[in-house]
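Remarks on the structure that follows.
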Amino acid sequence: MEIDFSNLELMISQDEIKTKIVQLSELIDQEYKNEEIVLLMIMKGSFIFTSDLIREIKTPCAIEFVKCSSYGKRGKERGKLTIEGLDQLDIKSKHVIVVDDIFDSGATLSSVMKEVEKKEPKSLKSLIMLLKKTPKRLPNIDLPDYTLFEIEDKFVVGYGLDYKEYFRGLKGVYSIE
């Protein structure tokens, strides 16, 4: 498959992301004051963001991950969300920060947060790289505790975000037409 890069428009550069990650890591270090934290990644989209974040955080931190998927009719409509990996989590009485790439409707993060809460963490917060301004947001959904960037309602790729598994490795965040 040949990938056409001509329809990509840079929204957030690698340098802008790096600056925000450094600022966020300093905030996390202040808030947790050397208490151990667990970063719980929602795969696959958050892996690049999380890997850059853990290199900046000075607070002792463990990494865990879950994988979320939803299958609707013929694989097109959104179906029931399945969360894989929850059974293996050892997070009781630990500070947990759930990390995801993008907050759109809020359904995925909200579902993961509810399930993680059942594991009785000491504290639970959410961290999102991109908060999308969208009318698709579900009502009564809590916004993330930490957000790097707020973006317009566009389809975005790069820095872990994909289109049919492509474009994840782009160094910035791009809108795609």
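Listed here are the residues, each with its yes/no results for (1) closer than 20 Å to residue 69 by Cα; (2) of a type outside the set (Ser, Thr, Tyr); (3) in contact with a Lys or Arg (Cβ under 9 Å, 6 or more places away or on another chain); (4) touching a residue at least 12 places away in the same chain (Cβ under 8 Å).
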| site | (1), (2), (3), (4) |
| --- | --- |
| 133 | no, yes, no, yes |
| 139 | no, yes, no, no |
| 145 | no, yes, yes, yes |
| 149 | no, yes, yes, yes |
| 153 | no, yes, yes, yes |
| 156 | yes, yes, yes, yes |
| 162 | yes, yes, yes, yes |
| 167 | yes, yes, no, yes |
| 171 | no, yes, no, yes |
Look at residue 130 and say whether it is modelled with pLDDT of 95 or more and either assigned to a strand (DSSP E or B) or of a type outside the set (A, V, I, L, M) (or both). yes
Here's a check for you: in the range 159-174, which residue that is at pLDDT below 95 and assigned to a strand (DSSP E or B) is surrounded by the fewest Cβ atoms within 10 Å (Cβ to Cβ)? 166
Checked the range 120-142 for anything closer than 18 Å to residue 49 by Cβ and surrounded by fewer than 20 Cβ atoms within 10 Å (Cβ to Cβ); matches are 125, 131
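Which residue, of 89, 53, is at pLDDT below 95 and of a type in the set (A, V, I, L, M)?
Details: 53 fails: at pLDDT below 95.
Checking each option against the conditions leaves just 89.
The values are calculated or read from the model by the stated rules, or taken from the named source; none is laboratory data. What you are looking at is a predicted structure, and each value in this text was computed from that prediction instead of being measured. Ideal geometry is used to build each Cβ from the backbone, glycine not excepted, and the neighbour counts take in all protein chains shown.
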